[in-house]
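Worksheet for the structure shown next.
Bear in mind these aren't lab numbers, they're just calculated from the coordinates by the rules spelled out. Since the structure is predicted, the reported quantities are computational estimates derived from the model, not experimental observations. FYI the Cβ positions are ideal-geometry reconstructions off the backbone, even for glycines, and counts take in every protein chain you see.
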Amino acid sequence: MRPTTRPITVLLIAWKLRLPLILAALTLANPATCGAGGSESQRLTPDHAVAVDRAVREFMQTVAQNVTRDGPLAWIRYLDARTVFFMAVNGQMAFPNGAAAQEGTRKFAQTIRHIELKWGDDLRVDPLTDDLAMVAASWHEIQVDTAGHPVDEAGYFTGLAEYREGRWQFRDAHWSSPVSSGH
């Protein structure tokens, strides 16, 4: 059966059987009746991909600058507060949702006097849609705790950046640090 005749056949069968709910479900589920590309993901034009790449790179730099200037509490602005958010660290779930991430960030901020975050020059942005992009970069951080002890760490970060409510934020994140060779 040709795709253009299938909706008509479904309509006739549904009418004869008096199944309006099935008719509605089948009609809406058929891509031919929903318009071209109804079930396909949105494709980015090259110009949009460049714009998303540029915006996400600026976002990443803003995150590093504000975390360095304002301390760990700055992270709260950049972590999605919804339940869809999660963060893993070195293969372990650190925060299963946005509320846990906000609470954990507030507790962590009480233990830090100063923090300096730098992303590596290897920052990668993979624009997925107009409002979603994967990011990846090496990172280096110096933390000074409230007793004045410095901690120097480095590793690799990956995350899903999402543009919503007029700004970019992390929908998901994963931090990793190299495992020491002295097992």
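Observations on the structure shown:
- Rounded to whole numbers, the Karplus 3J(HN,Hα) couplings from phi for the range 52-59 are 5, 4, 4, 5, 6, 4, 5, 4 Hz, using 6.51 cos²θ - 1.76 cosθ + 1.60 with θ = phi - 60°, and x at Gly and Pro.
- Environment charge of Gln143, counting only residues whose C-beta is closer than 15 Å and scoring Lys/Arg +1, Asp/Glu -1: -2
- For a paramagnetic label modelled on Ala81 (point 7 Å from Cα along Cα→Cβ), amide N atoms under 13 Å away belong, within the range 154-183, to 165.
- Difference of contour (0.36 nm per residue) and Cα-Cα distance, Val89 to Val144: 17.8 nm
- Label separation (Arg54 vs His114): 3.5 nm, computed from points 7 Å beyond Cα along the C-beta direction.
- Going by neighbour counts of Cβ atoms within 10 Å, the residues Val84, Val56 line up, fewest first, as Val84, Val56.
- Counting neighbouring Cβ atoms within 10 Å and putting the fewest first, the residues Glu58, Glu116 line up as Glu58, Glu116.
- Alpha carbon convex hull of the range 46-176, projected area averaged over orientations, nm²: 7.6
- Cα centroids of the range 143-177 and the range 94-139: 3 Å apart.
- Each residue in Met60, Met93 was given a count of other beta-carbon atoms within 10 angstrom of its own, and listing them fewest first yields Met93, Met60.
- Spin-label pair Leu123-Ser176: with each label point 7 Å from Cα along the Cα-Cβ axis, the two points sit 2.1 nm from one another.
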